[in-house]
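One structure is given here, and the rest of the page talks about it.
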Amino acid sequence: MQLRQLTLWSAAGWIAGTGLALAQGQTLTIATVNNADMIIMQRLSPKWEQATGNKLNWVVLEENVLRQRATTDIATKGGQFDIITIGSYEAPIWGKQNWLVTLDDLGADYDYADIIPSVKNGLSYNGKLYAVPFYAESSFTFYRKDLFDQAGIKMPAKPTYDQIAEYAAKLTDKSKEQYGFCQRGKPGWGENMAFIGPMVNAFGGRWFNEKWEPQLTTEPWKNAINYYVKNIREYGPPGATANGHNENRALFATGHCAMWVDATSAAGYIYNPKESQVADKTAFTAAPVQVTSNGSGWFWAWSLGIPASSKKVDAAKSFVKWATSKDYVTLVGNEAGWVAAPPGTRKSTYDNPEYQKAAPFAKVVYDAVVNADLTKPTKDPVPYIGIQYVAIPEFQGIGTAVGQQIAAALAGQTTVEQALETAQRSTERTMKQAGYPK
Amino acid sequence: MHPKTRKKLILTLVGWLAAGLIFFPIFWMMLTSFKTEVEAVATPPKLFFSPTLENYVTVRERADYIHFAINSIVISVGATLLATLIAVPAAYAMAFFPGKRTKDLLLWMLSTKMMPAVGVLIPIYLLFRDTGAIDTRWGLIVVYTLMNLPIVVWMLYTFFKEVPKDILEAGRMDGAKPKQEVWMLLLPLSLPGIASTALLSIILCWNEAFWSLNLTTSEAAPLTTFIASFSAPEGLFWAKLSAASTIAIAPILVFGWMSQRQLVRGLTFGAVK
Amino acid sequence: MASTTTTVPVPGASAPAGRRSQRNVRTLPLIAPSVIILFLWMIVPLVMTLWFSFQYYNLLDPSVGGFAGFENYTFLLTDPSLWTAMANTLFLVFWVLVITVGLGTLLAVLFDQEFYGRGIARLLAIAPFFVMPTVSALIWKNMLMHPVNGLFAFFARSLGFPAIDFFGSFPLTSVIIIVAWQWLPFALLILLTAIQSLDSEQKEAARMDGAGPISMFFFIILPHLGRAISVVIMIETIFLLSVFAEIYVTTSGGPGLASTNLAFLIYLRALREYDVGGASAAGVIAVILANIVAIFLVRSIAKNIAD
């Protein structure tokens, strides 16, 4: 009897001790962007903390600052972060360098098959998944149903850019501050180039040919940029070169725009009467095409990755699994409203009747994301992946420099021809310096 | 009306107009912090609206303001103290015992500030990584001390030169040793000048937004990081950013205003009675 | 006791010749800490930077490596944007100096006069210096200068004029306005206290001699401010040469290269692409350039400072 009691007690003690040790928990440092979806994740994360006994240290920064900070740390193996929010641009590049832990082993209950294939491909390199998608977006066309009805125009399911220009002409009234064509003009590889890239693709252009030679002075580029400059000047708001996503969103939400081609992720906010004055007047259709529909809608995903230098990989994996699971989507739906559920990543989200009810734009968004094929972004074959970006490290610099030149053309400081010439030369220089082709 | 009074009234008008114009952007920002997001971007801009505290609540919920503020205070004050400590002897020596090389030395000190921070980010980060200084308060204090040392030396040097030499001479005649000279005579006389130099250094540290963003993560992150989490996300953020900025500059504004009298009285470039 | 004014040079012999050498030796340990620390602070990153500038080192692409010789330098120096950036830098520094010193002097004279609520007005006028540059830039860009939502546009439209697209049409000027607004309080403070140290006896004497306010300004006040103005110029120049945050937040250097200065160019070419070799070379170039400017500046105003 004594021995059994002793055994039982020591067993209990041992279990309690281990339990205590496990319950101690680890502290993970997570760096993220300050998007609304991430803010919601931050707000809901205590649930995971309670369930696992770990704690999270949040570092929330603006996108460009985050990118710089995270890249500096991960490239120098500084080891400051256990979880980083990265985009589909970084994921393949960093995966190639083995800077990230592969995430193919999160378990069957994670349901990898539920993740939209184009999204999964966008975050993989050589078939291995390096980051799990938090939300994904493509681009599509927002338009004012009421203004279209008034003018007697019917928006087709797949408008061409020529048609868009036609409608913009009819719907612009500058004296009433109503602009037909509100588009990004602020220079930056993730700002104006995010819109211009797919537009160039739609016009049949590409960034580089198979020999990695820049193509900025080819016909499709000239046609696309001339179209862009002409239509924004005639039908867009003043000061377009300072307008990025946020500014145009504010313009559309306050009723100044008839059409806006931009991120699908903005749909939830335009549709929310607390954040926009046109919630009940907005409709959606696919991003415009022209000579091809390849790469006409962009692709972007914010995802969670774990640096290889982290010392708390298991705990980190537990968090990223939780934050990108089906259950999490349901959690957001219940706590923050279904219209705020992270879009674009899982089929189950779109099959959910609650989501469909709260987000009438869901089907259009789903189609856009499914059709955004990173590996076939252009009419002619290309050596790179990426629709509105080229997944090479040099692209940040190239994209921004080209964006600057186009903004200069838009502001009237230079002609479109000259801008493209300068952009071409600068890109050639950079590619040569970086050692392409390689 | 008495001509003098009229002159005073005109001056009042002009003075307040100038002050108002200069202060206006800050006033507008503070006003915006009490609006809702949609109101903040409304055209025409609203001057009258029903104020709300929701932005301040959101900001408080999302980030631990106190933690960031304490870091800012510790780092700014720490760096300033350290810089002043090192600079006072140097400025003393250069002001009262100038040699042939003094001017060149001063110039060289300034030249250390010429390297743009963006150019040395990676080398410094590597250095910090290897010494374990990333995300530590002392790491940032060291960087800021070195950043501001040239300016502090320069300004102290200029103030020390203003102290009338006859007073120090008199002290020396009375047998005072150099250390006493500094402690009992020089520092009290130039205290206002030191105060203004310290204020400048604190402000420069408080607002520095390159090293503070890149060399800290969460432990040592100051208010500049706090602000960076509210600027330019997707969506409307003006009201929240205004609220965050208002509480971020509040301490330094109050401090600056409190010490401003000291400053103005003391940045005397000459007459010391 | 009579007060001494600053323009009277004090004779340099502060100690009898015999004891001077003794004093000089003792000054070394006083200056040493500052000098040694600054030297280390300067030399270590400088050496690392010099080293990197001669290497191919791209943080994002470890496959790129090896000795680069002067490649990084030639790449930068043959960049057509380099000259534009340098011109913009000098343009920016010059105009901000002009505005802050000019306006600062006038405001200093104004605030030196007695008027109702002067103390509070002064406080308001120096507030901009305390605000973080990124925040200031954002306020100016979006709440004031924005052609659709901004306050200036609103005023313009109410008066019947079309709104000015500040950052599109006048990018560098807009940046200059923002930076000048931030630095005006600094100049104001230093100049104001310099004015207040002006001997009232001198002013009285001049007034009795029949000097009006304009000649008072030019012949009494301005010369007295000589040293203060020099210090303001000196310190502001150092900071203005590397203005970065305001450009980053508002125009990102554009449109085109219209508002790119040297610091921003370095950021674009080198940091954006994590080309550490290139960034280092650019840093070295920037230091050389800044030193040239500094030597030039100090030579021309040196006598005002070290007398």
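List of remarks:
- Contact residues in segment A:415-430 by the 20 Å² criterion (accessible area, 1.4 Å probe, full protein complex versus chain alone): A:Arg429, A:Thr430.
- Heavy-atom accessible surface of chain A: percent carbon and sulfur, 1.4 Å: 51
- Segment B:Leu81..B:Lys100, full-extension length gain: 3.9 nm, with 0.36 nm per residue of separation and the alpha-carbon distance subtracted.
- Residues A:Asp262, A:Asp37, A:Asp351, A:Asp146, sorted by accessible area with the largest first, give A:Asp351, A:Asp146, A:Asp37, A:Asp262 [1.4 Å probe; ligands and nucleic acids excluded].
- For segment A:217-238, the residues whose backbone nitrogen is under 15 Å from a point 7 Å from the Cα of A:Ala169, taken along Cα to Cβ, are A:227-228, A:230-236.
- Principal-axis analysis of the Cα atoms of chain B puts helix B:102-111 at an angle of about 20° to the longest axis.
- Within chain A, the whole DSSP H helices whose Cα atoms reach 27 Å or more along their own axis and whose mean Kyte-Doolittle score is at least 0.0 are A:2-24.
- In this structure, A:Lys357 and A:Asp146 have a Cβ-Cβ separation that, at R0 = 22 Å, corresponds to a calculated FRET efficiency of about 0.45.
- Pairwise burial C:B, computed as accessible area of each alone minus the pair, summed, 1.4 Å, Å²: 9100
- Mean separation of Cα contacts under 8 Å, 6 or more apart, over the residue count of chain A: relative contact order %: 24
- The Cα atoms of segment A:381-431 cover 32, 21, 21 Å along the three principal axes, with the biggest extent listed first.
- Working ranking of peptides C:127-138, C:35-46 by packing, defined as the average number of other Cβ atoms within 10 Å per residue, highest first, is C:127-138, C:35-46.
- Think of a 1.4 Å ball rolled over the protein heavy atoms: segment C:47-165 then has 42 Å² of accessible area per residue.
- Pairwise burial C:A, computed as accessible area of each alone minus the pair, summed, 1.4 Å, Å²: 3100
- Computed with a 1.4 Å probe over protein heavy atoms only, the accessible surface of segment A:185-314 comes to 28 Å² per residue.
- Protein accessible area in segment B:164-258, 1.4 Å probe - carbon and sulfur %: 71
- Number of partner chain Cβ atoms within 10 Å, mean per residue of B:121-134: 5
- Protection-proxy order for peptides B:135-144, A:251-260, C:80-89, each taking the mean of Cβ atoms within 10 Å per residue, highest first: A:251-260, B:135-144, C:80-89
- Residue mean of other protein chain beta carbons inside 10 Å, C:46-53: 3
- Counting Cβ atoms of other protein chains within 10 Å of each Cβ in A:393-400 and taking the mean gives 5.
- Percent accessible area from carbon and sulfur atoms, segment C:124-209, protein chains only, probe 1.4 Å: 65
- Amide N proximity, segment A:299-319 versus A:Thr375 label position 7 Å along Cα-to-Cβ, cut-off under 17 Å: A:299
- When only Cα pairs below 8 angstrom with a gap of at least 6 residues are kept, segment C:22-152 shows a relative contact order of 8 percent.
- Per-residue surface analysis assigns A:Thr414 an accessible area of about 30 Å², computed on protein heavy atoms at 1.4 Å probe radius.
- Spin-label pair A:Glu213-B:Phe210: with each label point 7 Å from Cα along the Cα-Cβ axis, the two points sit 4.0 nm from one another.
- Using only side-chain charges placed at the Cβ, +1 for Lys and Arg and -1 for Asp and Glu, the dipole size of the protein assembly as shown relative to its Cα centre rounds to 2140 debye.
- At an R0 of 22 angstrom, the distance between the Cβ atoms of A:Ala336 and A:Glu177 translates into a FRET efficiency of 0.10.
- Modelled label positions at C:Ile43 and C:Gln113, each set 7 Å beyond Cα in the direction of Cβ, lie 5.6 nm from each other.
- Put simply, chains A and B cover up around 2500 Å² of each other's accessible surface, both sides summed, when a 1.4 Å probe is used.
- A Förster distance of 41 Å, applied to the separation of the beta-carbon atoms of A:Ala113 and A:Glu234, puts the FRET efficiency at 0.30.
- Spacing of the modelled spin labels on C:Ala32 and B:Lys46, each 7 Å from Cα toward Cβ, amounts to 6.7 nm.
- Mean separation of Cα contacts under 8 Å (6+ apart) over length of chain B, as relative contact order %: 32
The values are calculated or read from the model by the stated rules, or taken from the named source; none is laboratory data. Nothing here was measured: the structure is a model prediction, and the numbers come from that model. Positions of Cβ are backbone-derived with ideal geometry, glycine not excepted, and every protein chain shown enters the neighbour counts. Surface areas here come from the heavy atoms of the whole protein model, side chains and all, with no ligands, DNA or RNA. Shrake-Rupley method; radii C 1.70, N 1.55, O 1.52, S 1.80 Å.
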